[in-house]
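The values are calculated or read from the model by the stated rules, or taken from the named source; none is laboratory data. All figures in this text were calculated on a predicted structure; none of them were measured in a lab. Positions of Cβ are backbone-derived with ideal geometry, glycine not excepted, and every protein chain shown enters the neighbour counts.
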Amino acid sequence: MSNTQSGLRQRRSRLLLLVFGASLVLVVATSIALVAVVSDNVKTAAMDASDRADQSIVSVLIATDLPAANLSLAGVSPATVAQIQAELKTLIVRAKGILHVKIFAPDETVLYSNKDGLRGLNLSPDEDLAHAFQTATVAPQITSADDRDTRTTGLAPDTQVLEEYFPIPGADGSIPAVFEIYRDAQPVLDAVAATTREVVIVVFVAALSLGALLYLIFRAAQRRLTGQTAALVETSRRDALTGVLNHGTTVAGLADLLERVRGAPGCGVGVALIDIDNFRLLNDTHGHGAGDRALLEVARIIRTEFAETAILGRYGPDEFIVVTPPDHSPNLEQAVDQLRDRIAELSLQFGESERLPVTVSAGICYAPANGDAATELLAVAAVVLGEAKASGGNGVRVADAASADLGPAQRSGFDVLAGLVLAVDTKDRYTKRHSEDVARYGLFLADQVGVDAELRRTIEIAGLLHDVGKIGIPDGILRKPGPLTVDEYAIVKQHVALGDAIVRDVPNAGVVRAGVRHHHERWDGDGYLDRLSGEEIPLIARILAVGDAFSAMTTSRPYRKAMSIQEALHRLEDAAGTQLDPRLVAAFVSGIETADNAPLPGDGRPLRQIWTPRSNVA
């Protein structure tokens, strides 16, 4: 589970970093666009203001000194020409910022200018001037003085000028002449530069503040998501009511502990099954709320006694399990006796009932004296627990090599298998029924492709146990009546790893574990957990994958109804070559459609009886 949590945290960190980076890029791009828009608007506004001011000056000059008769090269006296050009020179002196003025005839010949010697000079072609004669409106623009401007106006090369055109309207609607004014553009450019700097400073400060705010928001989101992921993963390991470890996590912990201490000298691992006496009667008489309260109180006392020295878990509806490592196992029996005495002091009252006593019974065994596999120890503990309850309850029984020796037949691999199948059934009846179906379909497919007898027997065991790891999946996720979230699906995917750990002691364990661990690998390599592809996937896992898919599709679940057999077979064929081995799909589909003994969903044909219960254990 820690690997799952770490993977989820890394994926979330990368996602949040990507969103944070994209947000910053968006902020920077928006800031650049904002600066460009503001600068352009300031520049346009400044040019328009100059244009309106110069329009007023030109209008006065036209009204006083430029009647229609003077807008010609011929018929105008030298004195009038001199007077008009003197007025233009005075205009440049009076109007701050104007550098040069010309008045053009329609053929783009200069009629008047503040500079002597230009009258009668044709400066065509000039597209802006021609446009002014055609439309009577030309937007002002900032340009650099070119060679012609340098020759005719005396401006220094590349001087930045604001170029303006003001058509002089004639009485008949024509345009007999056009004013051209060159104004110094540097004040406009300085204003734009100053405004741009101010906007850049404001935007930079705002972007910096927003970036810091985004960082704080995303860091808080990351912390919250990390906490939620950790809480979700931890929830998947614990019993929702009591808070102690759930059945699957505890069994997996026991198996791992046994593996770590295997072969070590001295006392080994201790296992205690603790059962609340008369729990069913308490539930039936006072309701499930009373039972839940008893469970909570017993769990609280167990945590107090063993929190620092053992693995604690809820093993069944009214059972708890305590697993002690070798350094604490010698004190297990004494600690359980103390626990029983403390619980005996507890009393509960519900409504108008009398104060009710609460007692527990316990069965204790040890590894390696009573077995060296998790399933063997649990079976022995269950037997001695039954003996403790059979003697009236409120007792503790400890297995010894003689009384708890279940014999070779009872300690056979099929007893281990029986215990695991029973564990699956206790966790979820659908999972057990589905597992039986997968075993049936796996055996059928094995017959269709002709596997050897040994592999066929192993396929049956692996089919029954392929989903045993789901005993460690929270009920809220396992039975959720809707689509799983990404986090929930990541937890579900771990059931193959947990199952792999649990089945390590069954017959032919290596092949069975391969089937359990790899039955969710895909032919195209996009499965889990090890992302094997093609024939890298063990044959047993590929066979189980076909049966697993067919069973899942033809069985009703909380989130959807079962498909028809024909639809399921059609979907199997669609999955051939991507999810499933195409050769096995073809054999399975053909067999289901044609074989007389084809196993069908819900046909009720049982597998062979794989174990016989030895005794009824409370």
Looking at residue 48, is it under 19 Å from residue 186 (Cα atoms), touching a residue at least 12 places away in the same chain (Cβ under 8 Å) and out of contact with any Phe, Trp or Tyr (no Cβ under 9 Å at 6 or more places or on another chain)? yes
Given the options 593, 521, name the one that is among the acidic types (Asp, Glu) and assigned to a helix (DSSP H, G or I). 593
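Take the residues in segment 105-135 that are part of a loop (DSSP other than H, G, I, E, B) and loosely packed, with under 12 Cβ neighbours inside 10 Å; name whichever of them is modelled with the lowest pLDDT.
Among those that are part of a loop (DSSP other than H, G, I, E, B) and loosely packed, with under 12 Cβ neighbours inside 10 Å, it is 124.
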Tally, over segment 276-292, of residues that are crowded, with 17+ Cβ neighbours inside 10 Å and under 41 Å from the mean Cα position of the chain (by Cα): 2
Selection from segment 338-388 of residues that are of a type in the set (A, V, I, L, M), crowded, with 22+ Cβ neighbours inside 10 Å and part of a strand (DSSP E or B): 360, 362, 364
Pair list, Cβ under 7 Å, 6 or more apart: segment 64-87 residue farther than 26 Å from residue 172 by Cβ, other residue surrounded by 13 or more Cβ atoms within 10 Å (Cβ to Cβ): 85/112; 85/113; 85/114
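Go through 495, 519 for me and flag whichever is touching a residue at least 40 places away in the same chain (Cβ under 8 Å) and within 24 Å of residue 588 (Cβ to Cβ). Show your work before the answer.
Working: 495 fails: touching a residue at least 40 places away in the same chain (Cβ under 8 Å).
Matching residue, one of 495, 519: 519.
Suppose we filter 138, 81, 101, 76 for residues that are modelled with pLDDT of 85 or more and either outside the structural domain of residue 173 (by TED's automatic domain parsing) or assigned to a loop (DSSP other than H, G, I, E, B) (or both); which single one remains?
Numbers: 138 fails: modelled with pLDDT of 85 or more; 81 fails: either outside the structural domain of residue 173 (by TED's automatic domain parsing) or assigned to a loop (DSSP other than H, G, I, E, B) (or both); 101 fails: either outside the structural domain of residue 173 (by TED's automatic domain parsing) or assigned to a loop (DSSP other than H, G, I, E, B) (or both).
When all the criteria are applied, what remains is 76.
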Would you please name the residue that is farthest from residue 191 (Cα to Cα), looking only at residues in segment 151-165 that are over 60 Å from the mean Cα position of the chain (by Cα) and in a loop (DSSP other than H, G, I, E, B)? 154
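Quick one: would you say residue 171 is among the hydrophobic types (A, V, I, L, M, F, W, C) and not in a loop (DSSP other than H, G, I, E, B)?
no
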Do we find a residue being polar (S, T, N, Q), at pLDDT 90 or above and in a helix (DSSP H, G or I) anywhere in segment 564-576? yes
